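Colleague: Here you go, one structure.
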Amino acid sequence: MHRESGILMPVFSLASKFGIGCFSKEAFEFVDFLDKSYQGYWQILPIGPTGFGNSPYQPISAFAGNPYYISLETLIEEELLTWDDVNSVDFGNDIEKVDYGKLYENRIDVLKKAFANFLEKGELKEFREYQKEQKYWLEDYALYVSIKADQDGKSWLEWPDDLRKREPKAIEKAKKEFKDEIEFISFEQFKFDEQWKKLHKYAAKHKVKIIGDLPFYVAMDSADSWSHPEAFQMDKDLMPKAVAGCPPDAFSADGQLWGNPVYDWDALRKDGYSWWIKRIERNYEWFDVIRIDHFHGFAEYYEVPYGDENARNGKQMKGPGMDLFKALEKKLGKLNMIAEDLGNTTEENMKLLEDSGFPGMKVLQYGFTSWDSMYVNHRHINNCVVYTGTHDNTPTFAWAQEISPGERDFTRRYVNSLNTDYGAFVWDIIREAYRSVANLCIVPLQDYLCKGKEARINTPGTAEGNWQWRLTPNYLSDDLANSIRLLTETYSRVPLPVKEESTDDKLDDDKDKK
């Protein structure tokens, strides 16, 4: 594999207008920045619709996109909205933090205005084609969201039995009753996919590949567990038998109770893994590479009886292993994936990673706080992805200040840094990542900017203050792009060239960016 590098930057962290990063001109400008920096990859976090807590790793659908990412400016250009429609709405006042409460309260009304104008225009041919193409998941997702709103946001496990169990008469009645709402939700997904497709195409023209992020589990309260209970461990009354968790250890005597529905791998195997094949196929519509979160779960996972208050009574179970990936490859061709293999490793985990051939992850922050760790450079192999930190880590600038003096001294000796300025020290660590023999190097944008803990994306184990950081407008400079490009050239990570653009392609680019 050709040596390359990329930047980790969530979509919601872009400096777009109206409260949250989205598929606006700032997203296209970020692609331009990657191109100028000679970065071949843009790694993002999951882009599915989120529920309570706003975690992208707890999506309410494994197939749908988050309507928050729809660019309102693009809808204005399409004459589906006016500037007055959006400027009069409160999307939050802090340009450096997403206010999910304001978005939840106000954004849907703006999108409904756009939908009403869309219907009035009457140009529905592409929309109807989209509904047919995505019928496998779209119809159920739209119905789920509609019923959930009518049920005051209750989990589908608490819905009336006829809806919870998807009894045919109840489902048909709901489809008629919520017809308009179903159409609107389908419109949101249509616009999400339309806008993402333009951005993805623009990235491809600029030698930038997109690394998407696939959560291992779905949320218990999700369209997937409701519409495809056969894929999960449910009893005959369609109530969960078990949920996901983590066994007790030195840090937690009770273990961790995650609460996600666990897969019924026996049933999935007998069905040829059809739900998983559809899921991966959908993700390859969006991304060039898929990073699979919690890859260890395919080797072995921990399940806890549903209803338990802690994870003490859970048990370790075998996952599908290579059987799933062989089925996926047989149906979809060669799989371009990155395995998130962080955390406790076992022989089963290591064997699955080796058998799959997927690159694993090496995080330097973990390496410098443990002697002779598997994460430091001299333990790397070509077939891996090196990171300074991830979305679950504090930015490296804050990390360098928070570690112990002994750990900091070890890090300085390892990267051969005499810099007492923490900003320069962070760049020495970034340089160490570039020096790695790993084929791919990914650095969070916050590290290049030497941001502190205020720019942390997520703190595992906490429920508040996560998934909010946003880039200040006009913060990305040509000087920063030049500095990153020099690193990229020095350590032979320049992307391979693409074919020369035609004049028509360049005109298309200009249209897409608007």
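Colleague: Considering only the range 37-86, state which residues are assigned to a helix (DSSP H, G or I) and of a type outside the set (D, E, K, R). I'd like the intermediate steps shown before the answer.
Modeller: Step one: of the range 37-86, the residues assigned to a helix (DSSP H, G or I) are 67-69, 72-77, 83-86.
Of everything in the range 37-86, those that are assigned to a helix (DSSP H, G or I) and of a type outside the set (D, E, K, R) turn out to be 67, 68, 69, 72, 74, 75, 76, 83, 86.
Colleague: What are the residues in the range 378-409 that are out of contact with any His (no Cβ under 8 Å at 6 or more places or on another chain) and β-branched (Val, Ile, Thr), if any? Please lay out each step first, then the result.
Modeller: Step one: of the range 378-409, the residues out of contact with any His (no Cβ under 8 Å at 6 or more places or on another chain) are 378-385, 387-409.
Correct list: 381, 385, 388, 390, 394, 396, 403.
Colleague: Being hydroxyl-bearing (Ser, Thr, Tyr) and over 25 Å from residue 312 (Cα atoms), is that true of even one residue in the range 203-219? Break it down into steps so the answer makes sense when it comes.
Modeller: From the range 203-219, those hydroxyl-bearing (Ser, Thr, Tyr) are 217; that's our starting set.
If we keep only those that are over 25 Å from residue 312 (Cα atoms) as well, we get none.
The answer is no, given that none of the residues of the range 203-219 is hydroxyl-bearing (Ser, Thr, Tyr) and over 25 Å from residue 312 (Cα atoms).
Colleague: Being out of contact with any Asp or Glu (no Cβ under 9 Å at 6 or more places or on another chain) and outside any helix (DSSP H, G or I) is the filter here, so list the residues in the range 260-285 that pass it.
Modeller: The answer is 260, 263, 272.
Colleague: Further, regarding this structure: Which ones in the range 14-43 are of a type in the set (Ser, Thr, Tyr), over 25 Å from residue 436 (Cβ atoms) and modelled with pLDDT of 95 or more? Spell out how you get there, then give the answer.
Modeller: In the first step, residues of the range 14-43 are kept if they are of a type in the set (Ser, Thr, Tyr); the result is 16, 24, 37-38, 41.
This time we only want the ones that are over 25 Å from residue 436 (Cβ atoms), so: 16, 24.
The one that is of a type in the set (Ser, Thr, Tyr), over 25 Å from residue 436 (Cβ atoms) and modelled with pLDDT of 95 or more: 24.
Colleague: Filter the range 204-215 for residues that are touching a strand residue (DSSP E or B) at 6+ places or on another chain (Cβ under 8 Å) and assigned to a helix (DSSP H, G or I) and give the result.
Modeller: First, the residues of the range 204-215 that are touching a strand residue (DSSP E or B) at 6+ places or on another chain (Cβ under 8 Å): 208-215.
Hits for the range 204-215: nothing passes.
Colleague: Using beta carbons and a limit of 7 Å, which pairs, at least six apart or on different chains, have the first residue in the range 480-503 and assigned to a loop (DSSP other than H, G, I, E, B) and the second one at pLDDT below 90?
Modeller: Pairs found: 496/2.
Colleague: Take the range 132-172 and flag every residue that is within 20 Å of residue 283 (Cβ to Cβ) and surrounded by 19 or more Cβ atoms within 10 Å (Cβ to Cβ).
Modeller: Answer for the range 132-172, where residues must be within 20 Å of residue 283 (Cβ to Cβ) and surrounded by 19 or more Cβ atoms within 10 Å (Cβ to Cβ): 134, 137, 138, 140, 141, 142, 144.
Colleague: Could you list all residues from the range 421-478 that are exposed (fewer than 14 other Cβ atoms within 10 Å of the Cβ) and either touching a Phe, Trp or Tyr at 6+ places or on another chain (Cβ under 6 Å) or among the β-branched types (Val, Ile, Thr) (or both)? Spell out the reasoning first.
Modeller: Let us first name the residues in the range 421-478 that are exposed (fewer than 14 other Cβ atoms within 10 Å of the Cβ), namely 421, 423-424, 437, 454, 460-465, 472-475, 477-478.
Hits for the range 421-478 are 437, 462, 472.
Colleague: To continue, here is another question. Kindly indicate whether residue 211 is touching a Ser or Thr at 6+ places or on another chain (Cβ under 9 Å) and either crowded, with 18+ Cβ neighbours inside 10 Å or more than 26 Å from residue 11 (Cα to Cα) (or both). If you could, list the steps in order and put the result at the bottom.
Modeller: On the way: touching a Ser or Thr at 6+ places or on another chain (Cβ under 9 Å): no; either crowded, with 18+ Cβ neighbours inside 10 Å or more than 26 Å from residue 11 (Cα to Cα) (or both): yes.
Criteria not met by residue 211.
Colleague: Among the residues of the range 149-161, is there at least one that is at positive phi, out of contact with any helix residue (DSSP H, G or I) (no Cβ under 7 Å at 6 or more places or on another chain) and outside any helix (DSSP H, G or I)?
Modeller: Applying the first criterion (at positive phi) to the range 149-161 yields 152-153.
Within this subset, residues satisfying the condition of being out of contact with any helix residue (DSSP H, G or I) (no Cβ under 7 Å at 6 or more places or on another chain) are 152-153.
Pick out the ones that are also outside any helix (DSSP H, G or I) and you get 152-153.
Checking the range 149-161: at least one residue is at positive phi, out of contact with any helix residue (DSSP H, G or I) (no Cβ under 7 Å at 6 or more places or on another chain) and outside any helix (DSSP H, G or I).
Colleague: If only one of 356, 404 is over 26 Å from the mean Cα position of the chain (by Cα) and free of Cβ contacts under 8 Å to residues at least 40 places away in the same chain, which one is it?
Modeller: 404
Colleague: So, one more: With 139, 188, 181 as the choices, which residue is under 27 Å from the mean Cα position of the chain (by Cα), modelled with pLDDT of 95 or more, under 25 Å from residue 73 (Cβ atoms) and part of a helix (DSSP H, G or I)? Before you say what the answer is, go through the steps one by one.
Modeller: On the way: 139 fails: under 25 Å from residue 73 (Cβ atoms); 181 fails: under 25 Å from residue 73 (Cβ atoms).
Within the list 139, 188, 181, the selection yields 188.
Colleague: Tell me the residue from 351, 330 that is over 22 Å from residue 56 (Cβ atoms), without any contact (Cβ under 8 Å) to a residue 12 or more places away in the chain and of a type in the set (D, E, K, R), please. If you could, list the steps in order and put the result at the bottom.
Modeller: Details: 351 fails: without any contact (Cβ under 8 Å) to a residue 12 or more places away in the chain.
Residue meeting the stated conditions: 330.
Colleague: Could you tell me how many of the residues in the range 309-319 are surrounded by 16 or more Cβ atoms within 10 Å (Cβ to Cβ) and more than 23 Å from the chain's Cα centre (by Cα)?
Modeller: Our first condition is that a residue be surrounded by 16 or more Cβ atoms within 10 Å (Cβ to Cβ); within the range 309-319, this holds for 311, 314, 319.
Among the residues that remain, those that are also more than 23 Å from the chain's Cα centre (by Cα) are: 311, 314.
So the count comes out to 2.
Colleague: Which residues, counting only those in the range 216-259, are in a strand (DSSP E or B) and surrounded by fewer than 21 Cβ atoms within 10 Å (Cβ to Cβ)?
Modeller: Just the residues of the range 216-259 that are in a strand (DSSP E or B), to begin with: 232, 234, 240, 242-246, 256-259.
234, 240, 246, 256, 257, 258, 259 - these are the residues of the range 216-259 that are in a strand (DSSP E or B) and surrounded by fewer than 21 Cβ atoms within 10 Å (Cβ to Cβ).
Each row is one residue, and each column tells you yes or no for (1) in contact with a helix residue (DSSP H, G or I) (Cβ under 8 Å, 6 or more places away or on another chain); (2) surrounded by 21 or more Cβ atoms within 10 Å (Cβ to Cβ); (3) within 30 Å of residue 426 (Cα to Cα); (4) modelled with pLDDT under 95.
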site: 327; (1), (2), (3), (4): yes, no, no, no
site: 332; (1), (2), (3), (4): yes, no, no, no
site: 335; (1), (2), (3), (4): yes, no, no, no
site: 343; (1), (2), (3), (4): yes, no, yes, yes
site: 347; (1), (2), (3), (4): no, no, no, yes
site: 355; (1), (2), (3), (4): yes, no, no, no
site: 362; (1), (2), (3), (4): yes, yes, yes, no
site: 384; (1), (2), (3), (4): no, yes, yes, no
site: 388; (1), (2), (3), (4): yes, yes, yes, no
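Colleague: For a quick check of your reading: which strands (runs of 3 or more DSSP E) sit entirely within the range 286-332 and have at least 2 residues that are closer than 14 Å to residue 214 by Cβ and either in contact with a strand residue (DSSP E or B) (Cβ under 8 Å, 6 or more places away or on another chain) or not acidic (Asp, Glu) (or both)? Let's see the steps before the verdict.
Modeller: On the way: elements: 289-292, 300-305, 315-318.
Correct list: 289-292.
Colleague: Moving on to the next point. Listed residues 92, 19, 51, 40; which is small (Gly, Ala, Ser) and more than 28 Å from residue 447 (Cα to Cα)?
Modeller: Working: 92 fails: more than 28 Å from residue 447 (Cα to Cα); 19 fails: more than 28 Å from residue 447 (Cα to Cα); 40 fails: more than 28 Å from residue 447 (Cα to Cα).
None of the other options fit; the residue is 51.
Colleague: Still on this structure, I have one more. Any residue that is acidic (Asp, Glu), part of a loop (DSSP other than H, G, I, E, B) and touching a helix residue (DSSP H, G or I) at 6+ places or on another chain (Cβ under 7 Å) - is there at least one of those in the range 93-107? Don't jump to the end; show me each part of the working.
Modeller: Filtering the range 93-107 down to residues acidic (Asp, Glu) leaves 94, 96, 99, 105.
With the extra rule that they be part of a loop (DSSP other than H, G, I, E, B), the set shrinks to 94, 96, 99.
Subsequent filtering for residues that are touching a helix residue (DSSP H, G or I) at 6+ places or on another chain (Cβ under 7 Å) retains none.
Within the range 93-107 (the criterion being acidic (Asp, Glu), part of a loop (DSSP other than H, G, I, E, B) and touching a helix residue (DSSP H, G or I) at 6+ places or on another chain (Cβ under 7 Å)), the answer is no, since none of the residues qualifies.
The values are calculated or read from the model by the stated rules, or taken from the named source; none is laboratory data. Not measured: the values here are computed from a predicted model. Here Cβ is always computed from backbone atoms with ideal geometry, including for glycine, and neighbour counts include all displayed protein chains.
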